[in-house]
Amino acid sequence: MARYVVAQEGDIPPGGRKIVRVAGREVGIFNLEGTLYALKNVCAHQGARVCLGRVVGTTLPSEVYEFKYGLEGRILRCPWHEWEYDITTGESVFDPNVRVITYPVDVVDGEVAVTIPER
Amino acid sequence: MTAPNIIIKEDSMALAVEPREATFAERAAQLRLIDTDVHNDLPGLNELRPFLAKQWHPWLDNGGPGQAARYYANMGSGRMDDAIREEDGLAAGDPDWVVQQLMTKYRIDIGILTGSIIGLSIQHDYRFQAAIASAYNEWTLEKWVRPFTCYKGSIACAVQDPEASAREIRRLGDDPGMVQVLLASAARIPYGNKFYWPIYAAAVEHGLPVAVHVGSEGTGIANAPTGVGFPSTYLEFHTDHSQTMMAHCVSLITEGTFEEFPTLKFAFIEGGTCWAPYVMGRLDRLYPALKAETPYLKRRPSEYILDNCYFSTQPIEEPDNHAHLLQMLAIMKAEKTVLFASDYPHWDFDNPLMAFNFFPADLKRRIFVENALEMYGPRLLATHGRA
């Protein structure tokens with residue numbers, strides 16, 4: 001495991017994101033209401049740069065003909081095939097086994113860092 | 001002719017010391033990928049004005065004739081959001097942008113342009129649509145094909161008027177920049193019907209394959225998108241695309257179209273692949289019993305599929321077990337019948353660098369390059385720049 005400083009805290013305000021290149025890969029850092037999350041910029045489906053996708057809400061599991069909208073601001077929708085992922089876990093909304101790789105992220109002295117496992 | 005082509009790299013010294021043009025086989029061997037479905041955007045009908053006769057200009061001046069538009073759509077933009085260019089808000093409005101976003105990034109040598117107005121064939125005013133088709137074809141050649149070596153065009157035509165379509169095919173049939181005739185799968189009558197045969201006569205006369213591309217089903221004067229009517233969701237609509245493809249394919253076979261035009265090659269674009277094995281099996285099973293009805297069919301129905309028909313990959317089926325897809329492809333002899341297509345820049349794009357990783361290398365080579373070369377023939381590599 002290695003810890004990489006990738007941004008200053010002020011670079012990524014709440015609702016914002018920053019895509020960084022670190023340890024040979026692209027990582028998207030998302031700020032959801034003050035908490036940071038780091039996702040690898042590769043969709044589990046066909047490899048699109050998923051972190052370029054829209055941050056949206058989605059329709060939650062429901063009864064037939066019922067629509068419940070939620071998770072506003074927490075869902076990352078891939079720019080290609082619109083697969084939706086929960087930014088806080090990396091899990092897709094349709095199958096928890098289908099997920100974007102996530103990394104631990106922390107802030108020390110105003111510096112944002114992600115921890116990437118060794119290859 | 002020593003004009004550089006897409007195969008010979010600019011830094012190749014061979015070209016400088018040996019002015020002989022590479023043979024078809026030499027150039028074919030260098031190819032890595034042919035994309036049979038690239039949707040270049042038409043920014044607006046007004047772009048066609050320079051190519052459109054004066055009598056049609058009032059339509060453009062007054063905001064267009066009210067083209068019937070497809071009303072099924074997904075909740076996103078319908079395009080690859082990461083490919084949209086800021087200047088024009090389009091993902092494929094500029095040919096250089098597509099070189100950069102598609103051709104270079106995914107190592108594609110040749111892109112067959114399928115455009116964005118195949119729906120003209122289900123508009124009500126077939127006279128105006130025939131004029132639009134001609135103008136659009138000129139625009140495609142002028143703006144996309146001739147300035148580049150990597151693009152080839154499709155001849156759009158107002159399919160609802162087969163005689164006008166045949167005239168348009170004959171007008172452009174010898175242009176090396178055009179490699180096929182393009183029809184929409186949305187239709188009023190299945191494509192094997194004799195009504196359409198003037199189109200096929202013109203196509204085979206010029207050695208052009210005919211491609212049918214999904215889109216516009218249930219719009220304008222076309223029939224409903226499925227045999228049982230109108231779906232309510234895009235998920236349903238999109239899944240049912242293979243229905244219209246199947247109906248056209250079965251019609252082409254059973255009407256004897258491939259007996260009348262034995263050299264006609266027909267490509268089914270964006271309708272999926274796995275329905276073809278079903279059609280082959282079903283027709284071959286019924287054919288001996290029902291042969292009296294179609295005595296003009298000289299061969300087992302599946303042979304027409306294997307010899308006259310091609311199917312594009314996108315959107316490739318993605319079963320959990322990859323072996324299942326490979327089995328289906330084996331039944332339809334994909335090593336002869338399947339073509340790669342990306343559908344760039346539409347949202348259901350297939351990434352050629354990832355989606356086929358489990359395919360055996362020789363099959364992938366057939367699908368990526370050789371089947372397209374066989375279907376389109378030498379004109380796919382012919383020089384087509386301005387004289």
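Quick rundown of the values:
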{"read-out": "Fraction in percent of alpha-carbon pairs per bin - 10 Å, region B:210-351", "value": "11, 39, 36, 13, 1"}
{"read-out": "Rounded if a/c under 1.5, otherwise prolate or oblate - region B:291-364, Cα gyration tensor axes", "value": "prolate"}
{"read-out": "Straight-distance crosslink candidates among aspartates and glutamates, where the alpha carbon sits under 14 Å from residue A:18 and sequence neighbours closer than 8 are dropped", "value": "A:9, A:26, A:111"}
{"read-out": "Residue among B:34, A:89, B:355 farthest towards the positive dipole end of the protein assembly as shown, charges placed on Cβ", "value": "B:34"}
{"read-out": "Shape of chain B, Cα gyration tensor, a/c cut at 1.5", "value": "rounded"}
{"read-out": "222 nm mean residue ellipticity, helices alone, for chain B (DSSP H n ≥ 4; -39,500 (n - 2.57); rounded to 500)", "value": "-9000 deg cm²/dmol"}
{"read-out": "Nearest-20 debye value, chain B charge dipole, Cβ charges on Lys, Arg, Asp, Glu", "value": "940"}
{"read-out": "Unit charges at the beta carbon, dipole of chain B: most positive-side option, B:139, B:344, B:195", "value": "B:195"}
{"read-out": "Sequence-distant lysines (8 or more away, or on other chains) whose Cα lies within less than 23 Å of residue B:364", "value": "B:105, B:152, B:265, B:333, B:336"}
{"read-out": "Unit charges on C-beta of K, R, D, E only; dipole of region B:196-336, Debye", "value": "460"}
{"read-out": "Burial order of peptide ranges A:30-37, A:3-10 (average beta-carbon count within 10 Å, highest first)", "value": "A:30-37, A:3-10"}
{"read-out": "10 Å Cβ neighbours from other chains, averaged over peptide B:72-81", "value": "4"}
{"read-out": "Euclidean distance of C-alpha centroids, region B:161-194 and region B:23-93, integer Å", "value": "18"}
{"read-out": "Reciprocal mean inverse distance between Cα atoms of region A:1-92 - Kirkwood radius, Å", "value": "14.0"}
{"read-out": "Cα gyration tensor shape of the protein assembly as shown, rounded if a/c is under 1.5, else prolate or oblate by comparing a/b with b/c", "value": "prolate"}
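No lab work stands behind these numbers, since they all come straight from the coordinates. Note that this is a predicted model, so its numbers are computed, not measured. Neighbour counts are summed over all protein chains in view; Cβ atoms, including those assigned to glycine, are modelled from backbone coordinates with ideal geometry.
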